[in-house]
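For reference, the structure discussed in these notes is given below.
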Amino acid sequence: MQTFHYDGITGEYLFADKAFVDPLESQKSGQTKFLLPRNATFIAPPDEKSGYARIWNGQNWEYIADFRGVTVWKNHHESMTVSALGDIPAGWSVTRPEKPLSASDYDRVLEQHIHDTRVARGYTTREPSCYLQSSVSRWKQDALDWVAFVDECMLYGLDIQNRYASGETVPTLEEFKANLPQIVWQED
């Protein structure tokens with residue numbers, strides 16, 4: 001015979017132990033009787049179940065959700081570590097919500113696209129627009145192509161910024177990147 005011990009406050013299953021014979025009660029009843037320690041039962045708990053604690057409710061065992069030690073999120077910036085048994089508090093999630101997009105997120109993507117396009121053409125230290133008055137026709141054409149490209153990028157970015165500021169639907173960053181203007185370099 002075994003006794004199954006539980007926490008005196010939470011009722012959570014702790015351990016099993018050998019039950020000891022109660023000599024007085026056994027002698028009185030003529031049957032073997034066992035001692036039942038405080039915060040223990042003779043009823044075996046159910047098998048362990050991932051994500052749950054086994055709790056003695058005074059009459060039987062039940063499963064209670066156990067998120068103790070898990071970080072939960074209310075929004076991208078606000079989190080807490082669960083310390084009590086039970087379900088996750090309403091309005092909280094085990095998954096961290098994505099960071100809300102800001103206008104500067106679009107700016108960063110736009111500026112990186114312009115920079116990468118410039119560098120890919122070999123303009124690593126200055127912008128092609130520096131060559132608008134160049135006597136080298138290729139550089140002058142690159143400067144004209146560059147100005148048109150940057151104008152198109154900035155108009156696209158400004159449209160998204162205005163939509164963002166007015167609360168309209170804006171693309172995800174991935175959609176924004178996919179729709180950024182691409183330069184067409186004219187060859188002379």
Worksheet item: If we count chymotrypsin sites (Phe, Trp or Tyr not before Pro) as exposed when they sit in a DSSP loop and have at most 15 other beta carbons within 10 Å, what is the longest stretch of the chain that avoids them all?
Response: 43-184
Worksheet entry | Largest to smallest accessible area among V119, V109 [probe 1.4 Å] | V119, V109
Worksheet, complete the sentence: Residues whose built amide H sits under 5 Å from the amide H of Q2, excluding neighbours closer than 5 in sequence, are A19
Discussion item. On a full-extension model of 0.36 nm per residue, what is the gain between Q31 and K18, subtracting their alpha-carbon distance, rounded to one decimal in nm?
Written reply: 2.9 nm
Worksheet item: Tilt of helix 137-165 relative to the longest C-alpha principal axis of the chain, in degrees (0 to 90, nearest 10)?
Response: 40
Response to the item:
Going residue by residue through the stretch 53-65, the Karplus relation 6.51 cos²θ - 1.76 cosθ + 1.60 with θ = phi - 60° gives ³J(HN,Hα) values, rounded to whole Hz and with x marking Gly or Pro, of 10, 9, 10, 8, 9, x, 10, 7, 8, 9, 8, 10, 3
Fill in: Two-site label geometry, W185 and L155: point separation in nm, points 7 Å out along Cα→Cβ
2.4
Worksheet, complete the sentence: To the nearest 20 debye, the stretch 38-175 has a Cα-centred charge dipole, built from +1 on Lys and Arg Cβ and -1 on Asp and Glu Cβ, of 480
Fill in: Mean separation of Cα contacts under 8 Å (6+ apart) over length of the chain, as relative contact order %
12
Worksheet item: Between K177 and A84, what FRET efficiency follows from the Cβ-Cβ distance if R0 is 41 Å, with the result rounded to 0.05?
Response: 0.40
Discussion item. Under 5 Å between amide hydrogens, which residues at least 5 positions from Y52 or on another chain qualify, with H placed 1.01 Å from N in the peptide plane?
Written reply: D66
Item to complete: Could you order T172, T124 so the one with the most accessible surface comes first? Probe is 1.4 Å.
Response: T124, T172
Item to complete: Enter the Cα centre distance for the pair the stretch 59-79 and the stretch 9-38, rounded to the nearest angstrom.
Response: 34
Worksheet item: Where does the chain land at 222 nm, in deg cm²/dmol rounded to the nearest 500, when only DSSP H runs of n ≥ 4 count, each adding -39500 (n - 2.57), divided by all residues?
Response: -10500 deg cm²/dmol
Item to complete: Quick one: order D7, D142, D22, D47 from most to least accessible surface, probe 1.4 Å.
Response: D47, D7, D22, D142
Practice prompt. Beyond 22 Å, what share of the Cα-Cα pairs of the stretch 1-154 is found? Please give it as a whole percent.
Written response: 68
Worksheet item: How about the stretch 1-60: which GluC sites (Glu not before Pro) there lie in a loop by DSSP and see at most 14 other Cβ atoms within 10 Å?
Response: E48
Discussion item. Cut-off under 27 Å on the C-alpha distance; same-chain residues fewer than 8 positions from K177 excluded. Which lysines are left, in chain and number order?
Written reply: K99
Practice prompt. Just read off the accessible area of E78 with the full protein assembly in place, 1.4 Å probe, to the nearest 10 Å².
Written response: 80
Response to the item:
At q = 0.24, 0.25, 0.29 Å⁻¹, the log10 of I(q)/I(0) for the stretch 40-89 from a Debye sum over equal Cα scatterers comes to -0.88, -0.92, -1.07
Practice prompt. Please turn the phi angles of the stretch 94-104 into ³J(HN,Hα) values with the Karplus equation 6.51 cos²θ - 1.76 cosθ + 1.60 (θ = phi - 60°), one per residue in order, whole Hz, x for glycine and proline.
Written response: 6, 9, 6, x, 4, 5, x, 5, 10, 4, 5
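The values are calculated or read from the model by the stated rules, or taken from the named source; none is laboratory data. Everything numeric here is computed off the predicted structure, so don't read it as measured data. We place every Cβ from the backbone using ideal geometry, glycine too, and count neighbours over all the protein chains shown. Side chains are part of the model used for accessible areas, which takes the heavy atoms of the whole protein and leaves out ligands, DNA and RNA. Shrake-Rupley method; radii C 1.70, N 1.55, O 1.52, S 1.80 Å.
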